[in-house]
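Working notes, beginning with the structure itself.
The values are calculated or read from the model by the stated rules, or taken from the named source; none is laboratory data. The shown structure was predicted, so the numbers you read here are calculated from the model rather than taken from an experiment. Using ideal geometry, Cβ is built from the backbone for each residue, glycine included, and neighbour counts are taken over all protein chains shown. SASA here: full protein model, heavy atoms, side chains in, ligands and nucleic acids out. Shrake-Rupley method; radii C 1.70, N 1.55, O 1.52, S 1.80 Å.
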Amino acid sequence: MKTIFQLLIVLMIGSSYAQSNLSTPQLVPTNTGCNAKTNQNLESMTIEFTGACVNGLTNGKGILKLYSKNNLIYTYDGESKDGWPNGQGALTSSMGAKYVGSFKNGKQEGQGAINFPNGDKYVGEYKDGKYNGQGTYTSASGDKYVGEFKDGNFNGQGTYTH
């Protein structure tokens, strides 16, 4: 189940297109001339954006669609600050995964829930884009883990039911 989760997170964030995470964020101009920030390095990346632009960066409520080679990778509908998804929002991948919750500097942070296309789901706390703290992971087959997570893994006290 953990391996499936890790694979689906990769699909959620970047799909199967060639990508790597950058240590230094890059500014990507949108169709409106407003810039968005990303740590993703996708081939032929383009961004469509509808929303507020402050000092040349996405700010406030808006909708951002990221494409690679003209293929939609994900849609973010929510709040942003200084070019990053920040605050409450929803991130939907082209593969069908959907996260709804809090973001900080472009990563899941605080409370959130993700539903995967295969029927698996997680509801709980996030830190730095990973499951951290208390949460519940339920597989499509009905297996369930309720307890502590650290860096995206089961960790500490918890109950697993099959």
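Search region 142-162 for residues being of a type in the set (A, V, I, L, M, F, W, C) and at pLDDT 95 or above, and hand back the single one that is farthest from residue 120 (Cα to Cα).
Among those residues, the one meeting the criterion is 149.
Among the listed residues 56, 51, identify the single one that is in contact with a Cys (Cβ under 9 Å, 6 or more places away or on another chain) and surrounded by 17 or more Cβ atoms within 10 Å (Cβ to Cβ).
So the residue among 56, 51 that is in contact with a Cys (Cβ under 9 Å, 6 or more places away or on another chain) and surrounded by 17 or more Cβ atoms within 10 Å (Cβ to Cβ) is 51.
Looking only at residues that are in a strand (DSSP E or B), of a type outside the set (S, T, N, Q) and open to solvent by less than 50 Å² (accessible area, probe 1.4 Å) in region 79-102, which one is farthest from residue 120 (Cα to Cα)?
Step one: filter region 79-102 for residues in a strand (DSSP E or B), giving 79-81, 84-93, 98-102.
From what's left, of a type outside the set (S, T, N, Q): 79, 81, 84-85, 87, 89-91, 98-101.
Narrowing further to those that are open to solvent by less than 50 Å² (accessible area, probe 1.4 Å): 84-85, 87, 89-91, 99, 101.
Details: 84: 27, 85: 24, 87: 25, 89: 20, 90: 17, 91: 16, 99: 12, 101: 17 Å.
Out of the qualifying residues, it is 84.
Collect the residues in region 117-138 that are without any contact (Cβ under 8 Å) to a residue 40 or more places away in the chain, in a strand (DSSP E or B) and more than 15 Å from the chain's Cα centre (by Cα), keeping them in residue-number order.
133, 134, 135, 136, 138
Checking residue 43 against (1) open to solvent by 70 Å² or more (accessible area, probe 1.4 Å); (2) at pLDDT 95 or above; (3) closer than 30 Å to residue 31 by Cα, only one condition comes out false. Which one?
(2)
Conditions first: (1) part of a strand (DSSP E or B); (2) open to solvent by 30 Å² or more (accessible area, probe 1.4 Å); (3) in contact (Cβ under 8 Å) with a residue 24 or more places away in the chain. Residue 114 passes all but one, so which condition is the exception?
(2)
With respect to the numbered conditions (1) under 27 Å from residue 24 (Cβ atoms); (2) in contact with a helix residue (DSSP H, G or I) (Cβ under 8 Å, 6 or more places away or on another chain), which one is the sole condition not fulfilled by residue 116?
(1)
Considering every residue within region 93-110, establish whether at least one is on the phi > 0 side of the Ramachandran plot and either in contact with an Asp or Glu (Cβ under 8 Å, 6 or more places away or on another chain) or of a type in the set (A, V, I, L, M) (or both). Walk me through it before giving the result.
Filtering region 93-110 for residues on the phi > 0 side of the Ramachandran plot gives 96, 101, 105-106, 110.
The next check asks that each one be either in contact with an Asp or Glu (Cβ under 8 Å, 6 or more places away or on another chain) or of a type in the set (A, V, I, L, M) (or both); those that pass are 110.
Within region 93-110 (the criterion being on the phi > 0 side of the Ramachandran plot and either in contact with an Asp or Glu (Cβ under 8 Å, 6 or more places away or on another chain) or of a type in the set (A, V, I, L, M) (or both)), the answer is yes, since at least one residue qualifies.
Here is a yes/no grid of residues against (1) surrounded by fewer than 17 Cβ atoms within 10 Å (Cβ to Cβ); (2) closer than 20 Å to residue 89 by Cα:
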site: 104; (1), (2): no, yes
site: 109; (1), (2): no, yes
site: 127; (1), (2): no, yes
site: 132; (1), (2): no, yes
site: 138; (1), (2): no, no
site: 141; (1), (2): yes, no
